[in-house]
1. Tell me which residues, restricted to segment 28-44, are surrounded by 10 or more Cβ atoms within 10 Å (Cβ to Cβ) and among the charged types (D, E, K, R).
2. So which residues in segment 51-70 are within 25 Å of Ser25 (Cα to Cα), open to solvent by 40 Å² or more (accessible area, probe 1.4 Å) and either in contact with a helix residue (DSSP H, G or I) (Cβ under 9 Å, 6 or more places away or on another chain) or in a strand (DSSP E or B) (or both)?
Amino acid sequence: QVQLVESGGGLVQPGGSLRLSCEASRSNLRIRTMGWYRQAPGKQRELVAIITSGGTTDYADAVKGRFTLSRGNAENTVYLQMNSLKPEDTAIYYCNAAYALGASWGRGTQVTVSS
């Protein structure tokens, strides 16, 4: 099992920026993808951005051009840079790591975009 620790959420005004971090514990499991999902009140959890072990990224249409997912020097850490935030980006953001035997989720970090 891979443990995920998230950080970086908070309250920001519309148009502002936040950076989320997610660190996966060391494991013998080979992580295939890492990414971020979000869940707003009353809505289903949805994919925000994902990065493969080869470095390929993919984004939800709603965040393309505003969010950037990157990997740290250690391959077990990913960062989600969120710019030009909108009120509709308000949600709990969850880190996810997928590997051959399943997937792990972080506990989630709240992002609130409000004036």
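The values are calculated or read from the model by the stated rules, or taken from the named source; none is laboratory data. Note that the coordinates shown come from a computational prediction; the quantities given were computed from them, not determined experimentally. Note that we place each Cβ from the backbone using ideal geometry, even for glycine, and neighbour counts take in every protein chain shown. Remember, those area values only see protein heavy atoms, side chains included, never the ligands or the DNA or RNA. Shrake-Rupley method; radii C 1.70, N 1.55, O 1.52, S 1.80 Å.
1. Pass one, segment 28-44, residues surrounded by 10 or more Cβ atoms within 10 Å (Cβ to Cβ): 29, 31-40.
Correct list: Arg32, Arg38.
2. Thr52, Thr57, Asp58, Tyr59, Thr68, Ser70
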